[in-house]
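Structure record follows, encoded as structure tokens.
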Amino acid sequence: MRISLTEKAAFSRRQLFALAAAGVGALNAADPEKRDMIVRSTRPEDLEMPVSGFADNITPIEHFFVRTHVYVPTVDVATYRLKVEGEVAAPIELSLGDLQHMPSAELIAVTECAGNGRSFYEPYVPGAQWQYGGVGNGRWKGVRLADVLKRAGIKPSAMEVVFDGADMPIGAMPDFQRSIPAKKALDPNTLLAYEMNGQPLPVKHGFPLRVVAAGWASDSWTKWVTGIKVANKPFDGFWMTGSYRRPATPVTPGAAIAMEAMEPVTSLKVKSIISSPLEGSQVEAGKPTVIHGVAWTGDTGGGITNVEVSVDGGRTWRQARLEGQTSPFGFRSWSINWTPARESYFNLMARATDKSGASQPFVQEWNPSGYGWNVTHRVGVSAVKTINPATTAPAPAVTNPTPSAQFKASCHACHEEDLIRQQRLTRAQWGREIDKMVRWGAQVKPDDRETFLDYLTNNYGPRPR
Ligand SMILES: Nc1nc2c(c(=O)[nH]1)N[C@H]1C(S)=C(S)[C@@H](COP(=O)(O)O)O[C@H]1N2
Ligand SMILES: [Mo]
């Protein structure tokens, strides 16, 4: 579906909810189904990959995380056109076929949500409560963005490149439009991808065209791209000036920080995850085993040069073997042999270093949106004489609180309770969330605000960890 900005604005809230209910954004027949994902939000859909997924160097589409601020749009390839305008010699329109006839480029690169690891911040911050798996490594094929911009005759006055996707905002939420500096746009490792892992780009990942901003956090990887505008000044849309920003210097944990006082999220930071053994699992004492994982870094990193592993909670470290594909933007697999000397509980840690010399911290500076978590990963395992066949403890009986009819009418119009339930915020933070939702079109009667705040703080207030 290709909808111009003015048409988008004309959509009423009721029309949008009707579209959502009708399942607009249903799967392409060819889209692989998601498997074993942690559901962070059902509507709109946010899916996280479990830690076991890091066993793969290239993340299969079935396990690739999904993050959408809105409901997924369906794009009709027959009428699809990519419009390039702004600071160019002449605006152009390209069909998917036109793009596929241009010289192609392929690269392996990690896309990681800026908020991956958000749930680990103390004090808690609002937003999808990702743990480890808001990240994946893909093989992306498409055209170089630079080639498309040159085809339109990009002018020297170009300062930024703004992308618009076919997705429509929910209610009065600002449309998801994001810009990148001209320098990043002209980088040969910035693509407009139409293929992922050798398949047409799946609908959930941006069919038919998405930005691949290699080495940058995923918020710069706009999906469902229909419009590119070359601008001669910084783009001031909400998703640039009111989101994806973090303080340049340490701030008081828990404080509300003015957006103007923060700078945009860009390059990813060096990070490593232990994919095996898994947290809480058992290994055999006295028997050789292998610790596996992946490491990655951003475009300022230059690739992974070293991964060190500790089996004693960080007292001593050994160097792991680096293995597999070597794209400086991709997952670098690593492994190390280990024979647990005795029956004991072991604290495994993995810490990566990149070519720039950057390494991972043990404690993270807090930031108000919970971006850029890259604390050294730690996994606890038990070395035992004989491994117990998996004994699954009965799931604790969970009774979820029941929201009032007013609360449902105001909040569940756009999303489910799961999006709220995972967050643990103070009354002040919930207050700011309600105010944001009201700005985005949620209908909250003034009389209901305090009752909603009571419900949210009583049920979803900060809890001990
Ligand atoms: N058009 C559009 N592009 C988007 C988004 C969006 O909501 N709309 N979400 C962004 C964010 S925040 C992330 S983390 C990634 C997620 O990409 P994935 O779902 O393919 O993993 O897409 C980015 N691109
Ligand atoms: Mo994200």
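The values are calculated or read from the model by the stated rules, or taken from the named source; none is laboratory data. Not measured: the values here are computed from a predicted model. FYI the Cβ positions are ideal-geometry reconstructions off the backbone, even for glycines, and counts take in every protein chain you see. These accessible areas exclude ligands, DNA and RNA; they are computed on the full protein's heavy atoms, side chains included. Shrake-Rupley method; radii C 1.70, N 1.55, O 1.52, S 1.80 Å.
Shown here for segment 286-382: trypsin sites (Lys or Arg not before Pro) in loop regions (DSSP other than H, G, I, E, B) with at most 16 other Cβ atoms within 10 Å, namely 315, 342, 355.
Here the Karplus curve 6.51 cos²θ - 1.76 cosθ + 1.60, taken at θ = phi - 60°, turns the phi angles of segment 377-386 into couplings of 6, 10, 9, x, 10, 10, 8, 10, 5, 10 Hz, with x standing for Gly and Pro.
Under 1.5 on a/c is rounded, so check that first for segment 405-460, then, if it is not, pick prolate when a/b is larger than b/c and oblate when it is not; a ≥ b ≥ c are the square roots of the alpha carbon gyration tensor eigenvalues. Rounded, since a/c falls under 1.5. Cross-link partners of residue 287 among lysines, defined as those whose alpha carbon lies under 18 angstrom from its own and excluding same-chain residues fewer than eight positions apart: 385. Count Lys and Arg as plus one, Asp and Glu as minus one, and take only other residues whose Cβ is under 10 Å from that of residue 194; the net charge is then +1.
Model label points for residue 463 and residue 315, set 7 angstrom from Cα along the Cα-to-Cβ axis, are 3.5 nm apart.
Model label points for residue 323 and residue 375, set 7 angstrom from Cα along the Cα-to-Cβ axis, are 2.9 nm apart.
Based on the Cβ-Cβ distance of residue 439 and residue 405, what FRET efficiency does E = 1/(1 + (r/R0)^6) give at R0 = 22 Å, to the nearest 0.05?
E(calc), rounded to 0.05, equals 0.40.
Assuming a ≥ b ≥ c are the square roots of the Cα gyration tensor eigenvalues, decide whether segment 5-264 counts as rounded (a/c under 1.5), prolate (otherwise, with a/b larger than b/c) or oblate.
Working: a/c = 1.32, a/b = 1.15, b/c = 1.15.
Rounded, since a/c falls under 1.5.
Return the carbon/sulfur percentage of the accessible area of the chain, one whole number, probe 1.4 Å, all protein chains in place. Could you put the intermediate results ahead of the total?
Values: 11000 of 20650 Å².
Of all accessible area on the chain, carbon and sulfur atoms account for 53 percent.
Straight-line reach from residue 229: taking Cα to Cα under 20 Å and skipping same-chain neighbours fewer than 8 places apart, the lysines in range are 8, 83, 150, 155, 183, 184. With all protein chains kept in place, the per residue accessible area of the chain amounts to 44 square angstrom at a probe of 1.4 angstrom. Can you give the FRET efficiency for residue 155 and residue 248, using 1/(1 + (r/R0)^6), R0 = 25 Å, r = Cβ-Cβ distance, to the nearest 0.05? With R0 = 25 Å, the Cβ-Cβ based efficiency is 0.20.
Counting DSSP beta bridges with both partners in segment 271-384, what percentage is antiparallel, nearest 5?
Working: 31 of 35 bridges.
Beta bridges within segment 271-384, antiparallel portion: roughly 90 percent.
The calculated FRET efficiency for residue 342 paired with residue 36, based on their beta-carbon distance and R0 = 41 Å, is about 0.75. Oblate is the label for the chain, because the ratio a/c of its alpha-carbon gyration tensor axes (a ≥ b ≥ c) is 1.5 or higher and a/b is not greater than b/c.
In segment 39-146, which GluC sites (Glu not before Pro) are in a loop and have at most 10 other Cβ atoms within 10 Å, using DSSP for the loop call? Show your work: numbers first, answer last.
Numbers: sites: 45, 48, 62, 85, 87, 93, 106, 112; in loops: 45, 87.
Sparse-neighbourhood loop GluC sites (Glu not before Pro): none present.
Straightening the chain between residue 55 and residue 104 buys 14.7 nm, computed as 0.36 nm per residue apart minus the Cα-Cα spacing. Site pair residue 428 and residue 260 shows an inter-label distance of 2.1 nm when each label is modelled 7 Å from Cα along Cα→Cβ. Taking amide H atoms as placed 1.01 Å from N in the peptide plane, the amide H of residue 179 lies under 5 Å from those of 163, each 5 or more residues away in sequence or on another chain. Taking a straight line from the alpha carbon of residue 34, these lysines sit under 20 Å away, with near neighbours fewer than eight places off in the same chain left out: 204, 223. Of the GluC sites (Glu not before Pro) found in segment 263-356, the ones in coil according to DSSP and having at most 16 other Cβ atoms within 10 Å of their Cβ are 279, 343.
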